[in-house]
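Report on one structure; see the data block that follows.
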Ligand SMILES: CC(C)(COP(=O)(O)OP(=O)(O)OC[C@H]1O[C@@H](n2cnc3c(N)ncnc32)[C@H](O)[C@@H]1OP(=O)(O)O)[C@@H](O)C(=O)NCCC(=O)NCCS
């Protein structure tokens, strides 16, 4: 009993600096925040590392400057490790892109990011969200299915991979209530 208390105390003390000064010690607090123009270079970096046809900083700047775009960044400690960006038209939104840095994938970060983002879209009064995803992108398909998206269409040979192979996409939809 005493041993386990001492051990817990040891862990708590060892972790104290990063909890008290997360910025200074690069702690592991996670935050989902609106992304702004200043995030464009980092979002482009994350996008390039995640997609065959990566978007440049200027492309992100153009999107982020639009009044009908909504973007969130995921911060872990003092580093942006993911983002999601949508475009709004009338009472619908389209998710344009979402990515998590490779090192942090498979830990559920994108679920929180997507949930928060959808909450904001709903808060803007939007009724429906659409997206397109490569049909064999298992992590993304799983993420969207778990979040309540359903396949409503197919686009033949919609993407090209790095080897030039043409890949199908599916269109997914989720109603916001
Ligand atoms: C898609 C992506 C955003 C998911 O982010 P993530 O934080 O890793 O997602 P999660 O940890 O919540 O995992 C989502 C699902 O993918 C699964 N998954 C994670 N890595 C996987 C892998 N390498 N292979 C197969 N499934 C995997 C997880 O098990 C989980 O499935 P589950 O809900 O059935 O358990 C991330 O993989 C990514 O950035 N990919 C590159 C960019 C991309 O493809 N974006 C989507 C374009 S539409």
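Structure above, values below:
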quantity: Sites residue 62 and residue 128 - FRET efficiency at Förster radius 30 Å, r taken between beta-carbons, to 0.05; calculated: 0.75
quantity: Prolate/oblate/rounded label for the stretch 97-149 (Cα gyration tensor, a/c 1.5); calculated: oblate
quantity: Contour minus Cα-Cα distance for residue 162 and residue 52 (0.36 nm per residue); calculated: 39.0 nm
quantity: Gain on full stretching of the segment that runs from residue 105 to residue 37 - 0.36 nm per residue minus C-alpha separation; calculated: 22.0 nm
quantity: Alpha-carbon Rg/Rh ratio, for the stretch 62-127, with Rh computed the Kirkwood way; calculated: 0.99
quantity: Estimated Rh, the stretch 26-175: Kirkwood, alpha-carbon pairs, angstrom; calculated: 15.8
quantity: FRET efficiency for residue 90 and residue 137, using Cβ-Cβ distance with R0 set to 35 Å, rounded to 0.05; calculated: 0.80
quantity: Percent RCO, i.e. relative contact order, over the stretch 26-175, from Cα pairs under 8 Å lying at least 6 residues apart; calculated: 18
quantity: Label point at residue 145 placed 7 Å out along Cα→Cβ; residues across the stretch 64-104 whose backbone nitrogen lies under 13 Å; calculated: none
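All of the numbers you see were taken from the coordinates with simple rules; none came from a lab. Since the model is a prediction, treat every value here as computed from it, not as a measurement. Every residue, glycine among them, receives a Cβ derived from its backbone with ideal geometry; neighbour counts consider all protein chains shown.
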